[in-house]
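K.L.:
Can you read through this structure? Questions will come right after.
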């Protein structure tokens, strides 16, 4: 038991009026947060360790409290200490949505029937999140041009240059900048709504009553209407057939129409959806490389080929991104196959 876990155990015991307490590690995530489970008289709790020098939990507390009051199924915060970086939450269990979408074989294809049911729930929950009125006590940061561009810059900085060792020419840098500008303009042209920012099958929990709980919302912003939808339907951790994604996307557009929230046609919405996905997957691919290089979390390397494949497949259909698509398929994807996959095999050998 490390020092912070010892301190968290003592803090949680006091919060739960216990003289002693045992914490069982549940999980860590892509950040520096860790989660532990405590059990007291048959009831379980989740103790969160979020080192304050690395994680600011004030947004988590503010968003959780407000969204819960607005009917969003997020964890209830029972105790917290922002200076220590400790929080005590109700327990949503261990059943992440991703696991419920697969058969018993770990690498099997996702199950369509489960997807239809749970994605229907997830889209209705997202409709509710996007309808939330601003909180007078906490203002969501804007998903502005600066943030959109900073996220996309992770792709050349961390994946192309640092991880793949690619030296970009002046023309390539110009092409990337022009492509990023197209994606930024599309994002800012969309209706702006509350955005979870990481709304996918690893951050949705299947609860005991078969409803969905929402977690990992602390980075929420006010931004493009399609962002969370593309996070869900073009998940970095699971690939659905294009026809299925198209159908679900149309269903979501229908839900927005039913709520009288649209003044744009389906073609425009789908264009926004596609381009928003490119922005998100540029960010995600860069983050996966950074997690490996900076934080030693090499498991995320397995998700880079899938994420870059999204970039190549979607950009192929948009004429304004013809040069970007060509760059991906002729330079980036071959390098991923040659260098990144070799690094992944080496890591597996070391771990073995």
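K.L.:
For residue 338 and residue 147 in one chain, what is 0.36 nm times their gap in residues minus the Cα-Cα distance, to one decimal in nm? Numbers along the way, then the final one.
P.N.:
Working: separation 191, 0.36 × 191 = 68.76 nm, distance 3.17 nm.
Fully extending the segment from residue 338 to residue 147 adds 65.6 nm.
K.L.:
Also, quick follow-up: Taking the chain as a Gaussian network, where each spring joins two C-alpha atoms under 10 Å apart, which residue of 19, 337, 174 fluctuates the most?
P.N.:
19
K.L.:
Three principal axis extents, largest first, for the C-alpha atoms of the chain, in Å?
P.N.:
Extents along the principal axes, in whole Å: 64, 54, 41.
K.L.:
For segment 3-90, take the convex hull of the Cα atoms, compute a quarter of its surface area, and give me that in nm², please. Each step should come with its number before you reach the end.
P.N.:
Working: hull surface 23.7 nm².
Quarter of the Cα hull surface area: 5.9 nm².
K.L.:
Using a simple spin-label model with points 7 Å from Cα along the Cα→Cβ vector, what separation in nm is obtained for residue 113 and residue 61?
P.N.:
4.6 nm
K.L.:
Using only Cα atoms, find the angle between the long axis of helix 266-295 and the longest principal axis of the chain, and express it within 0 to 90 degrees, rounded to the nearest 10.
P.N.:
The angle comes out near 70 degrees.
K.L.:
Quick one: among 187, 12, 201, which has the greatest mean-square fluctuation in a GNM of the chain with alpha-carbon springs under 10 angstrom?
P.N.:
12
K.L.:
Which distance in Å, rounded to a whole number, links the C-alpha centroids of segment 121-175 and segment 183-251?
P.N.:
Centre-to-centre (Cα) distance: 13 Å.
K.L.:
Using 1/(1 + (r/R0)^6) with R0 = 41 angstrom and r between the beta carbons of residue 174 and residue 39, what's the FRET efficiency to the nearest 0.05?
P.N.:
0.10
K.L.:
Can you tell me, using C-alpha contacts under 8 Å and at least 6 residues apart, the relative contact order of the chain as a whole percent? Provide the component values of the computation, followed by the final result.
P.N.:
Values: 481 pairs, mean separation 52.3, N = 352.
Worked out over the chain, it gives 15 percent.
K.L.:
Rounding to the nearest 10 and keeping the result within 0 to 90°, find how far the Cα-based axis of helix 58-69 lies from the longest principal axis of the chain.
P.N.:
It is inclined by approximately 80 degrees.
K.L.:
Same structure again: Put a dot 7 Å past each Cα toward the Cβ at residue 157 and residue 3; how far apart are the dots in nm?
P.N.:
Distance between label points: 3.0 nm.
K.L.:
For the chain, find the longest principal axis of its Cα atoms and tell me its angle to the long axis of helix 304-315, 0 to 90°, nearest 10.
P.N.:
50 degrees
K.L.:
To continue, here is another question. So if each residue of separation counts as 0.36 nm, and I subtract the Cα-Cα distance between residue 189 and residue 70, what length gain in nm does that give? Let's see the in-between values first.
P.N.:
Numbers: separation 119, 0.36 × 119 = 42.84 nm, distance 2.70 nm.
Length gained between residue 189 and residue 70: 40.1 nm.
K.L.:
Using a Gaussian network for the chain with springs between C-alpha atoms less than 10 Å apart, which of these wobbles most: 282, 247, 148?
P.N.:
Most flexible of the set in this elastic network: 247.
K.L.:
Contour minus end-to-end for residue 247 and residue 135, with contour as 0.36 nm per residue of separation and end-to-end as the Cα-Cα distance?
P.N.:
Details: separation 112, 0.36 × 112 = 40.32 nm, distance 3.32 nm.
This chain segment gains 37.0 nm when fully extended.
K.L.:
Per q in 0.11, 0.25 Å⁻¹, report the Debye log10 I(q)/I(0) for segment 177-277, using one uniform scatterer on each alpha carbon and no solvent.
P.N.:
Each listed q maps to, in turn, -0.35, -1.49.
Computed from the coordinates by the stated procedures, all read-outs in this text should not be read as laboratory data. Quick caveat: nothing in here was measured; it's all calculated off a predicted structure. As a convention, Cβ positions derive from the backbone with ideal geometry for all residues, glycine included, and neighbour counts pool all protein chains shown.
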